[in-house]
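Read through the structure below, which is laid out as structure tokens, and then see the notes.
Taken together, the values in this text are just the output of simple stated rules run on the coordinates, not laboratory data. Model, not experiment: these values are computed from the prediction. Cβ coordinates were reconstructed from backbone atoms using ideal geometry, including for glycine residues, and neighbour counts include every protein chain displayed.
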Amino acid sequence: MKTFRDDIFKDKIALVTGGATGLGKEIARRFGRHGAKLCIASRKQENLEAACNEFQSEGLDCMWVTCDIREPEQVERVVSEILARHGRLDILINNAAGNFPAPISGISYNGFKAIVDIDLRGTYNVTKAAFEAYLKKHGGCIVNISAPFQNLGVSWQAHVSAAKAGVDALTRTCAVEFGPCGIRVNAVAPGGMEETEGLARFAEATQDAGGGGSNPLGYLGTKGDVANAVIFLASDAASYITGQVFAVDGGAGIDMMKMPVPTE
Ligand code: COA
């Protein structure tokens with residue numbers, strides 16, 4: 001059984017940054033399955049081509065553009081290529097991000113900068129380019145992929161925490177500034193998800209087979225769980241929701257003490 005109707009994004013154009021691999025690929029695929037025409041953008045052409053071929057073999061409409069979201073002119077080119085092909089851009093999913101787990105002593109000055117540049121500045125760059133070129137006049141929807149830990153303190157993620165705190169702030173500010181233009185802006189903050197590169201890297205670096213701890217539901221989520229939350233926020237079902245950051249983490253973020261739960 002599908003959670004959402006097949007055609008909820010019929011005639012909509014969705015840009016998913018980092019949409020060729022991992023979580024972004026699953027998000028893109030789900031938008032395609034619900035009727036959206038896709039554009040995926042990331043740095044590696046071979047990944048983009050492979051994902052696009054896969055999507056097309058599934059009957060989805062997909063284009064790709066290579067782009068480093070740190071470079072404003074490359075980001076503007078993505079938006080202009082989408083507008084040249086489709087004449088519109090309705091949904092932006094700011095998913096592209098970089099991450100490596102390291103304690104502060106293991107993060108060089110440049111390593112910190114690289115993550116803030118990709119995760120925060122990259123999100124800003126794509127948002128601004130899409131806003132100026134199309135969304136400002138026509139309205140639309142933006143969903144940023146955030147993280148679940150930046151309001152607390154989590155070791156090994158100083159650079160990502162700093163960047164994602166900025167993404168959350170940007171989400172709220174954009175929601176306020178863009179609301180009058182008919183643009184909703186929200187964020188989804190995924191916890192540890194099974195079969196993701198992020199979880200595997202974190203587990204390897206920290207020697208934690210659980211990949212970052214337990215959660216009240218007692219199992220890891222899937223990329224599909226995150227994609228469903230993104231789809232909900234981009235859909236009309238969320239038409240009065242803006243400026244929010246939704247954790248999709250099985251409740252991990254609210255279980256501060258991680259005390260044993262009584263069984264009776
Ligand atoms: N531990 C510590 N520092 C690291 C690191 C690690 N595992 N990986 C990268 N860095 C540092 C590099 O050493 C470099 O700093 P330096 O110049 O002081 O040596 C800096 O980060 C930039 O790395 P580099 O790979 O040259 O830059 P990039 O801009 O091409 O890519 C990343 C940055 C984060 C995207 C890249 O490291 C990467 O591919 N990460 C894994 C993929 C990923 O992030 N997937 C998302 C999973 S959620």
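Regarding the stretch 226-234, can at least one residue be identified that is aliphatic (A, V, I, L, M) and in contact with a Lys or Arg (Cβ under 7 Å, 6 or more places away or on another chain)?
Within the stretch 226-234, one or more residues are aliphatic (A, V, I, L, M) and in contact with a Lys or Arg (Cβ under 7 Å, 6 or more places away or on another chain).
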Worksheet entry | Residues located in the stretch 215-264, provided they are of a type in the set (A, V, I, L, M), buried (at least 17 other Cβ atoms within 10 Å of the Cβ) and in a loop (DSSP other than H, G, I, E, B) | LEU220
Worksheet item: So, of the residues in the stretch 46-89 that are more than 16 Å from the ligand (Cβ to nearest atom) and part of a strand (DSSP E or B), which turns out to be farthest from PHE9 (Cα to Cα)?
Response: VAL65
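When you go through ALA51, ALA14, ALA36 one by one, which is the residue that is aliphatic (A, V, I, L, M), out of contact with any Asp or Glu (no Cβ under 9 Å at 6 or more places or on another chain), buried (at least 20 other Cβ atoms within 10 Å of the Cβ) and under 22 Å from VAL226 (Cβ atoms)?
ALA51
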Worksheet item: Considering only the stretch 72-117, how many residues are in contact (Cβ under 8 Å) with a residue 12 or more places away in the chain and farther than 14 Å from ALA130 by Cβ?
Response: 16
Discussion item. So for the stretch 113-129 (the condition being near the ligand (Cβ under 9 Å from one of its atoms) and among the basic types (Lys, Arg)), does at least one residue qualify?
Written reply: yes
Worksheet item: In the set VAL167, VAL143, which member is closer than 24 Å to LYS44 by Cβ and away from the ligand (no atom under 16 Å from the Cβ)?
Response: VAL143
Worksheet item: Which helices (runs of 4 or more DSSP H) does the stretch 95-191 wholly contain that include 1 or more residues that are buried (at least 20 other Cβ atoms within 10 Å of the Cβ), on the phi < 0 side of the Ramachandran plot and out of contact with any Gly (no Cβ under 8 Å at 6 or more places or on another chain)?
Response: 122-130, 158-178
Practice prompt. Please state which one of ALA97, ALA102 is touching a Phe, Trp or Tyr at 6+ places or on another chain (Cβ under 8 Å), within 15 Å of the ligand (Cβ to nearest atom) and not charged (D, E, K, R).
Written response: ALA102
